Amino acid sequence: MPDNSPVTVERQGPAAIVRLDRPERRNALNSALLARLADEMATCDADPEVRAIVLTGAGSSFCAGLDLRELGSTGDNMRKVGPFAGDPRPWPLLSTPVIGAVNGPAATGGLELALHCDLLVAAESAAFADTHARVGVLPGWGLTYLLPQAVGVRRAREMSLTGRMVTAAQALVWGLVNHVVPDEDLLATALGIAEQMAEIEPGIRAEFLDLYRATTGTTLTEAIDIEAQRSVAWAEATFSPDAVSARSDRIIRRGRAQIG
């Protein structure tokens, strides 16, 4: 990979750390970064040795959103990638969980990247804002669904219609992030979660991710039906009493170790 790539990838244990790497522009999303990010996420997902992906930013920002210089000149980061180019997501659907390690401000398109992660760990210096309305554009990666799902409709409206920054501490209270940790502990915390996820068998891990996608956009009645059907199909295809017994023993040993 070229040294000047706007996205870098490194392996650490079972995790791939995918880093937005334009710190001089606060990791703003130009067309090159967007194209590379989608490619790298798909490549990591296809690697059986990668059990979790940690997405973070270089420097002091997670992502400032679309690069306004390119948006105001060629507009390629809106026209050639993303919804205008038929890409309704910042990366393809993955079977590998994505842990967002938010190391600083995540604004607008950066907030959308964070919302597409499966869970979020935020540094104390992180902050979140939706400034689409202030820029004069509408979101195109599902923000008006994903943000209310995380914080509730009224709080989502407030974020979008004021553009104000929400601190990491407030984001934790609102349910936008799973954990807030000191800045120096951010990557270690995210990688620790990745190691726990790596203990889960890849097939069932991927099935859970897909099941959550299938149920969270439905009614409770529909979700129960979907889950029941998928549960029966999974059991019929994979159930083994011996395997269940072995897993149960491992779970008991792990629980005893955690209790101390």
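Please verify whether the stretch 27-42 includes one or more residues that are of a type in the set (Asp, Glu), loosely packed, with under 15 Cβ neighbours inside 10 Å, in the same structural domain as Ile193 (by TED's automatic domain parsing) and more than 16 Å from the chain's Cα centre (by Cα).
Of the residues in the stretch 27-42, the ones of a type in the set (Asp, Glu) are 39-40.
Keeping just the survivors that are loosely packed, with under 15 Cβ neighbours inside 10 Å gives 39.
Filter once more, keeping what is in the same structural domain as Ile193 (by TED's automatic domain parsing): 39.
Retained after the next criterion (residues that are more than 16 Å from the chain's Cα centre (by Cα)): none.
For the stretch 27-42, residues of a type in the set (Asp, Glu), loosely packed, with under 15 Cβ neighbours inside 10 Å, in the same structural domain as Ile193 (by TED's automatic domain parsing) and more than 16 Å from the chain's Cα centre (by Cα): absent.
Would you say Ala169 is aliphatic (A, V, I, L, M), under 15 Å from Leu34 (Cα atoms) and either part of a loop (DSSP other than H, G, I, E, B) or in contact with a strand residue (DSSP E or B) (Cβ under 7 Å, 6 or more places away or on another chain) (or both)?
Numbers: aliphatic (A, V, I, L, M): yes; under 15 Å from Leu34 (Cα atoms): no; either part of a loop (DSSP other than H, G, I, E, B) or in contact with a strand residue (DSSP E or B) (Cβ under 7 Å, 6 or more places away or on another chain) (or both): yes.
Judged against the criteria, Ala169 is not a match.
Would you mind stating whether Leu176 is modelled with pLDDT under 95 and surrounded by 14 or more Cβ atoms within 10 Å (Cβ to Cβ)?
Details: modelled with pLDDT under 95: no; surrounded by 14 or more Cβ atoms within 10 Å (Cβ to Cβ): yes.
For Leu176, the condition - modelled with pLDDT under 95 and surrounded by 14 or more Cβ atoms within 10 Å (Cβ to Cβ) - is not met.
Condition first: among the small types (Gly, Ala, Ser) and touching a Lys or Arg at 6+ places or on another chain (Cβ under 8 Å). Now tell me which residues in the stretch 135-188 satisfy that. Quick ask: steps written out before the conclusion?
Of the residues in the stretch 135-188, the ones among the small types (Gly, Ala, Ser) are 136, 140, 142, 150, 152, 156, 160, 163, 168-169, 171, 175, 188.
Once the filter is applied, which keeps residues that are among the small types (Gly, Ala, Ser) and touching a Lys or Arg at 6+ places or on another chain (Cβ under 8 Å), the stretch 135-188 yields Gly142, Gly163.
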Q. Failed condition for Glu195, given (1) of a type in the set (Asp, Glu); (2) in contact with a Gly (Cβ under 7 Å, 6 or more places away or on another chain); (3) exposed (fewer than 14 other Cβ atoms within 10 Å of the Cβ), with all others met?
A. (3)
Q) Based on what the data block shows, is Val102 free of Cβ contacts under 8 Å to residues at least 60 places away in the same chain and of a type in the set (A, V, I, L, M)? A) no
Q: Take the stretch 83-132 and flag every residue that is assigned to a strand (DSSP E or B) and either surrounded by fewer than 19 Cβ atoms within 10 Å (Cβ to Cβ) or on the phi > 0 side of the Ramachandran plot (or both).
A: Leu119
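Name the residues in the stretch 58-82 that are modelled with pLDDT under 90 and part of a loop (DSSP other than H, G, I, E, B), would you?
Start the filter on the stretch 58-82 by keeping residues that are modelled with pLDDT under 90, which leaves 66-82.
Passing the criteria: Asp67, Ser73, Thr74, Gly75, Lys80, Val81, Gly82.
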Q: Exactly one condition in (1) under 30 Å from Gly72 (Cα atoms); (2) assigned to a loop (DSSP other than H, G, I, E, B) is not met by Glu49; state its number.
A: (1)
**Q.** The one condition in (1) among the polar types (S, T, N, Q); (2) within 26 Å of Ala150 (Cβ to Cβ); (3) modelled with pLDDT under 85 that Thr216 fails to fulfil
**A.** (3)
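Return a yes/no flag: does the stretch 180-191 have any residue that is part of a loop (DSSP other than H, G, I, E, B), surrounded by fewer than 16 Cβ atoms within 10 Å (Cβ to Cβ) and either within 19 Å of the chain's Cα centre (by Cα) or at pLDDT 95 or above (or both). If you could, list the steps in order and put the result at the bottom.
From the stretch 180-191, those part of a loop (DSSP other than H, G, I, E, B) are 182; that's our starting set.
Right, trim to surrounded by fewer than 16 Cβ atoms within 10 Å (Cβ to Cβ) and you get 182.
Checking the rest, the ones that are also either within 19 Å of the chain's Cα centre (by Cα) or at pLDDT 95 or above (or both) come to 182.
So far as the stretch 180-191 goes, yes, one or more of its residues are part of a loop (DSSP other than H, G, I, E, B), surrounded by fewer than 16 Cβ atoms within 10 Å (Cβ to Cβ) and either within 19 Å of the chain's Cα centre (by Cα) or at pLDDT 95 or above (or both).
Can you find even one residue in the stretch 147-159 that is within 24 Å of Pro97 (Cα to Cα) and small (Gly, Ala, Ser)? Break it down into steps so the answer makes sense when it comes.
Filtering the stretch 147-159 down to residues within 24 Å of Pro97 (Cα to Cα) leaves 147-152.
After this cut, where a residue has to be small (Gly, Ala, Ser) as well, the list is 150, 152.
Yes; the residues of the stretch 147-159 include at least one that is within 24 Å of Pro97 (Cα to Cα) and small (Gly, Ala, Ser).
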Q. Looking at Asp45, is it in contact (Cβ under 8 Å) with a residue 24 or more places away in the chain, surrounded by 14 or more Cβ atoms within 10 Å (Cβ to Cβ), more than 21 Å from Leu120 (Cα to Cα) and in the same structural domain as Thr189 (by TED's automatic domain parsing)?
A. no
Q | Matching residues, the stretch 57-82, being crowded, with 23+ Cβ neighbours inside 10 Å and either of a type in the set (Val, Ile, Thr) or out of contact with any helix residue (DSSP H, G or I) (no Cβ under 9 Å at 6 or more places or on another chain) (or both) | A | none
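The values are calculated or read from the model by the stated rules, or taken from the named source; none is laboratory data. Keep in mind it's a predicted model, so treat the numbers as computed, not measured. Neighbour counts are summed over all protein chains in view; Cβ atoms, including those assigned to glycine, are modelled from backbone coordinates with ideal geometry.
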